[in-house]
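This report refers to the structure that appears directly beneath it.
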Amino acid sequence: MESVATAIERLGGIADSAPVARLADAFAGAGRQLALVGGPVRDAFLGRPVNDLDFTTDARPDEILALVTPISDTQWDVGRDFGTIAARIAGTTVEITTYRADSYDGATRKPTVEFGDSLEGDLVRRDFTVNAMALSLPDRRLVDPWGGFEHLMSRTITTPGAPEVSFGDDPLRMLRAARFSSQLGFTVAPETVAAMTELAPRLSIVSVERISDELSKLLLTDDPVPGIRLLVDTGIAQLVLPEVPALRLERDEHAHHKDVYEHSLTVLSQAIDLEKSRGHSPSLVLRLAALLHDIGKPATRRIEAGGVVTFHHHDVVGSKLAAKRLKALRMPNDTIDAVARLVELHLRFFGYTDGAWTDSAVRRYVRDAGDLLEWLHILTRADVTTRNVRKADRLSFAYDDLEERIAAIAEAEGIAAVRPELDGQRIMQVLGLAPGPEVGKAYKFLLDLRLDEGILGEDEAQRRLVEWWREGAG
């Protein structure tokens, strides 16, 4: 096991940096305490990038501001009532917060803010022991009253003090436990899991927006599956994302089928692998779609003759359920629309293996996916979880073929933006129309021609439009 002294050496570069050294000297010169605290200490010990520099001090906000003003380019009040002042020193943003000794009333997760007088008292109110460590400056002494360093080494998530008290004070910490388990690859301690299970209903006092934010952060980690499993196993998912635990369909003795829950987690993992291998940054839209793509199955599950289990139209049903859930979580509208669309389209490809698609069918596939085409490529590929190697290879080769055809048609026709040769303004000029539903009908006629026949050219498109109109289409 690595020694504390060796671990502290990793923080030496941060402590020696110009902004931190200036800050430490200023506070020491004023007789005030200062410590680097929480995430930066944890991440430095883990060898992870340190992006935020958070400090805590016994100085009150007005004094913090007075101390940082002479050594910083700019200063701003992040939350004076909460004791936080931010500054930019030598090009680096820092936040300094007065020691806190908050108390909770049990009815909300908003504490009564009280300033504290000791570093140890400040650390005890933090969420997890691995976030409750501080490096005192300028003496570079590790302050770790709750064994955070040991828990880092054992890769364990637990709370300072009793988890029942911590989660009772701030139930959002239960979701954070799941997120950190995925983000850090740590295991949540059994007593902490037990407290999460017992206190899950306390999440009712947490705002939907904060819950949604934590779920999003969890899904954007390198491996969100352990965190999702923890939420399902503790009953928390039943309260915040109930469609996921509902995927654990019962196995009928005559209708053996794959566990849809496990399948969905596998699809999520495979989608993330493809997302990385294809050079993309983490996409919340893709990951939500992968997790939720089969949530229509419980509502559409039927046992047909011979014990065959079917889920007809689960794509359409699932799309509606996904939109409903994400609206309840108050996700952004563009996220909701994109996820719902991907869920609706996720089965479209499987008809490709039944027979040769025409170029028209390929164009419509691209048109229907729109800006989501790359995510649909990834989701469709990730949805293959069969253990039958021959079947998996056949589907993979078929999708390779589809992507190659899309690329070829795109190069020849500009399929990435499938539009008719005449826009609405030109349609009105050719047909002598005013704005109205007839223009929309004409545009759809030209779009269908474009999809069915490819590029016609403006003159031919105009001739076909006039002919269609004269035949009474309007």
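Looking at region 140-208, what helices (runs of 4 or more DSSP H) fall wholly within it and have at least 1 residues that are closer than 10 Å to VAL130 by Cβ and open to solvent by less than 60 Å² (accessible area, probe 1.4 Å)?
148-154, 172-184
Looking at region 328-366 only, could you name the residues that are at pLDDT below 80 and open to solvent by less than 10 Å² (accessible area, probe 1.4 Å)?
none
So which residues in region 450-468 are over 39 Å from the mean Cα position of the chain (by Cα) and either in a helix (DSSP H, G or I) or among the aromatic types (Phe, Trp, Tyr) (or both), if there are any at all?
Listed by number, the residues that qualify are GLU453, GLU458, ASP459, GLU460, ALA461, GLN462, ARG463, ARG464, LEU465, VAL466, GLU467, TRP468.
Starting from residues that are in contact with a helix residue (DSSP H, G or I) (Cβ under 9 Å, 6 or more places away or on another chain), part of a helix (DSSP H, G or I) and at pLDDT below 75, keep the ones in region 1-33 and report whichever is surrounded by the fewest Cβ atoms within 10 Å (Cβ to Cβ).
VAL4
Within region 286-321, count every residue that is in a loop (DSSP other than H, G, I, E, B), surrounded by 15 or more Cβ atoms within 10 Å (Cβ to Cβ) and charged (D, E, K, R).
Total satisfying the criteria: 2.
Kindly indicate which of SER281, SER277 is closer than 24 Å to LEU373 by Cα, out of contact with any helix residue (DSSP H, G or I) (no Cβ under 9 Å at 6 or more places or on another chain) and among the small types (Gly, Ala, Ser).
Working: SER281 fails: out of contact with any helix residue (DSSP H, G or I) (no Cβ under 9 Å at 6 or more places or on another chain).
That would be SER277, the only listed residue that is closer than 24 Å to LEU373 by Cα, out of contact with any helix residue (DSSP H, G or I) (no Cβ under 9 Å at 6 or more places or on another chain) and among the small types (Gly, Ala, Ser).
Are any of the residues in region 457-467 in contact with a Phe, Trp or Tyr (Cβ under 9 Å, 6 or more places away or on another chain) and among the acidic types (Asp, Glu)?
No, the conditions are met nowhere in region 457-467.
Are there any pairs with C-beta distances below 7 angstrom linking a residue in region 269-286 that is within 25 Å of LEU329 (Cα to Cα) to a residue that is of a type in the set (A, V, I, L, M) and assigned to a loop (DSSP other than H, G, I, E, B), with the two at least 6 apart or on different chains, and if so which?
Final answer for the pair search is PRO282/LEU220; LEU284/LEU220.
So, ARG325, is that one part of a helix (DSSP H, G or I) and open to solvent by 30 Å² or more (accessible area, probe 1.4 Å) or not?
yes
Okay, residues lined up against (1) hydrophobic (A, V, I, L, M, F, W, C); (2) assigned to a helix (DSSP H, G or I); (3) within 14 Å of ALA289 (Cβ to Cβ):
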{"position": "VAL339", "(1), (2), (3)": "yes, yes, yes"}
{"position": "GLU344", "(1), (2), (3)": "no, yes, yes"}
{"position": "GLY351", "(1), (2), (3)": "no, yes, no"}
{"position": "TRP357", "(1), (2), (3)": "yes, no, no"}
{"position": "VAL362", "(1), (2), (3)": "yes, yes, no"}
{"position": "TYR365", "(1), (2), (3)": "no, yes, no"}
{"position": "LEU373", "(1), (2), (3)": "yes, yes, yes"}
{"position": "ILE378", "(1), (2), (3)": "yes, yes, yes"}
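The values are calculated or read from the model by the stated rules, or taken from the named source; none is laboratory data. Bear in mind that the values here come from a model prediction, so they are computed numbers and not experimental data. All Cβ positions, glycine included, derive from the backbone under ideal geometry; neighbour counts span all protein chains shown. Ligands, DNA and RNA are stripped out before the accessible areas are found, and what is left, the full protein with its side chains, is counted by its heavy atoms. Shrake-Rupley method; radii C 1.70, N 1.55, O 1.52, S 1.80 Å.
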